Every structure is written in structure tokens, then in C-alpha cells.
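Input: a single structure, listed below in C-alpha cells.
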Amino acid sequence: MTEQLFGSNLVAMVTPMEPGGALSEPGLTGLVDHLLTTGCDGIVVGGTTGESPTLTDAEAARLVRTAANLAGNSARVIAGVGTYDTTACIRRAKEAEAAGADALLLVCPYYSKPTQAGIVAHCLAVADATELPVMLYDVPARTGTAMEAATLIELAGHPRIRAVKDAKGDLFEAMSVMSRAPLAYYCGIDELNLPYLAAGATGLVSVVGNAFAGRNAELIQAVRGGDLDTARAVNAALLPLADAIMRTSQGAIMAKAALAELGVIPHATVRLPLLESPPEHLRRLRDALTSLGLGALAVS
């Protein structure tokens, strides 16, 4: 049931931009088509990888509307609506619902470092604001505060809070919460996709999937089919690309660079404070794409 709400092979989509920083409609259209044809069944728009801190409310709603119109029934569209301001989150959640989102991604409030009780109150307020299912996003490396296991279990009592994107990396805690609460887990750390799936995660929210979601689909299928030899082989093939995109500088920067290298988007433009990849990072990325043959596969 949860997979029907969110999908299983989700991509944290970048936001294509023109060289001046404006949203790129051709880039967005081409990217959504690329994601759908390479095996993605859930598209997260306006999340961290989509450079959410630099998007206006109007741009965020436009992303949702465009992605929903293009995806149709082929994929779920999940709108990132999280900020450190509960009122702003509620406004964005309502705008995303009106724009055609299928679900919401709600990050733990960042910078303010609320208490666990504050996190619960924040998430419940946003979940109450619309009729859309909610995926929580636990990423303490970015937010400064982790959602504790007890907090996640408490939030699971809300009928619309149905899933967690886990970028905490505590696999034992994830397994413990899965065993105690009806929350579907989605791995939010590309380097750990295989162990999370093997431990019972429903799916992935992948940055690397921008380049080629098809390999992630193969990984999910292999794990679900109990074919761990194939799963390990697919995972091993993806590791150089995961390393180049996730461990070189920053995910949104490198994912855009990869998509530009593959000809999916015309420009790798990012908004300040992000900067485009320097030559040495691009060489590392190109080496990964070339060695894996993913360039040809991604655009086939």
C-alpha cells in the first residue's frame, strides 16, 4: 500500500536552470521524461537536491505542477515542503496539493534545533494541513537534529504520516523502528542502498538515480527476488558513480553535472551558494560514467 502512495524507485530530482538561474522548462521536460523512461516511479521535486532553499513559493509550485502534468499516472510526484518555519511549510504543503502533488516530503526543521516535542508538533501541524500522505525526512547531518526513534514511532500514529526517508545511516535504529511502527523506510544515502533494501526498506530516494534510475530498479528487483548475487553485482557497478556524485563535492552539483554530461539537461547551472563543478571534479565524474558505460545506457 505504501508503495502505491510513493513508489519504490524514487529520484530526488535536481531543478534544471538556465545559465542566468531561471528555471529551465526544456530542461525540466527532458529530465522528467528521462526519469520515467529509465525506471523511476517516484519523483521528488523541490527537495534538497532540487535546491529547495533557493526556490520561491511560486517556483516550488511550478515544479510540482509541471512534473505532475508530465508524469501523469506513470510516477508519483512528491513535493518537498520542509523548512524551519511551520507556517511556511503549511503554506507550501497546501500549494503543492493544489498543484497536483501526490505526496509530501517533510524534512526535520533545520537550524532552529527544536526539541523532539517540537519536531512532533511541527510534523503533525503540516500533516494536518492537507489530505496528502507524508514522508518524513531524517537527515541530521544537514538539519543539526535527528528524529529519535521514539519520535518516529509517535509520528507513525498519524494516519497520513506513512514513510521515512532515512539519511541518518543508523541501520540498527531503522530496523528497530520498522519492527515497531507502520512506517515504510526509504534509503536516502545512495552508498547504503543495498543494506537498507536487504534490511526491509520499501525503496530508495536516490540522487544518483538522476543519472540512471534503471540500475536502482534492477537493485530493488534483485533484492526483492532474493537474488543477492545479482544485487551485489549491481551495487558494485554503481559504487564508482555514487562516489563521484555523492563524495566529490555536493549531490545537487554533481547530479546536474552528470545529467549535462549525458545530454539530459542543457546546463549544469546551480544557484549560489552552490557553484558548478570544477574541472577536476568533472574528470572524476566522467571517469565513473565512462568506466561503467552508464552514459550510453542512460540515454538509450
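The values are calculated or read from the model by the stated rules, or taken from the named source; none is laboratory data. Keep in mind it's a predicted model, so treat the numbers as computed, not measured. Cβ sites come from the backbone with ideal geometry, for glycine too, and all protein chains shown count toward neighbours. Heavy atoms of the whole protein, side chains included, go into the accessibility calculation; ligands, DNA and RNA do not. Shrake-Rupley method; radii C 1.70, N 1.55, O 1.52, S 1.80 Å.
Among all residues of the range 58-65, there is at least one that is within 19 Å of Leu28 (Cβ to Cβ) and surrounded by fewer than 16 Cβ atoms within 10 Å (Cβ to Cβ). Name every residue in the range 177-198 that is closer than 25 Å to Arg247 by Cβ, open to solvent by 30 Å² or more (accessible area, probe 1.4 Å) and either among the hydrophobic types (A, V, I, L, M, F, W, C) or touching a Ser or Thr at 6+ places or on another chain (Cβ under 8 Å) (or both), in order of residue number. Passing the criteria: Ile189, Leu192, Ala198.
Residues are listed down the side, and each one gets a yes or a no for (1) open to solvent by 20 Å² or more (accessible area, probe 1.4 Å); (2) touching a residue at least 60 places away in the same chain (Cβ under 8 Å):
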residue: Val14; (1), (2): no, yes
residue: Pro19; (1), (2): yes, yes
residue: Leu28; (1), (2): no, no
residue: Leu35; (1), (2): no, yes
residue: Glu51; (1), (2): no, yes
residue: Thr86; (1), (2): yes, no
residue: Ile90; (1), (2): yes, no
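Residues being open to solvent by less than 30 Å² (accessible area, probe 1.4 Å) and of a type in the set (Ser, Thr, Tyr) are entirely absent from the range 221-231. Exactly one residue out of Ala174, Ala146 is closer than 27 Å to Ala252 by Cβ and either of a type outside the set (Gly, Ala, Ser) or open to solvent by less than 30 Å² (accessible area, probe 1.4 Å) (or both), and it is Ala174. Meeting the requirement of 3 or more residues that are closer than 23 Å to Glu261 by Cα, the strands (runs of 3 or more DSSP E) wholly within the range 1-89 are 9-12, 42-45. Which of the residues belonging to the range 138-157 are in contact with a Cys (Cβ under 8 Å, 6 or more places away or on another chain) and over 17 Å from Ser176 (Cα atoms)? Across the range 138-157, the qualifying residues are Val139, Pro140, Thr143, Thr145. Where helices (runs of 4 or more DSSP H) fall entirely within the range 232-300, those with at least 3 residues that are of a type outside the set (Val, Ile, Thr) and at pLDDT 95 or above are at 251-261, 279-292.
When you go through Leu23, Leu36 one by one, which is the residue that is of a type outside the set (Gly, Ala, Ser) and under 16 Å from the mean Cα position of the chain (by Cα)? Going through Leu23, Leu36 in turn, just one is of a type outside the set (Gly, Ala, Ser) and under 16 Å from the mean Cα position of the chain (by Cα): Leu36. For the range 260-282, the tally of residues that are within 18 Å of Gly20 (Cα to Cα) and either within 16 Å of the chain's Cα centre (by Cα) or among the acidic types (Asp, Glu) (or both) stands at 1.
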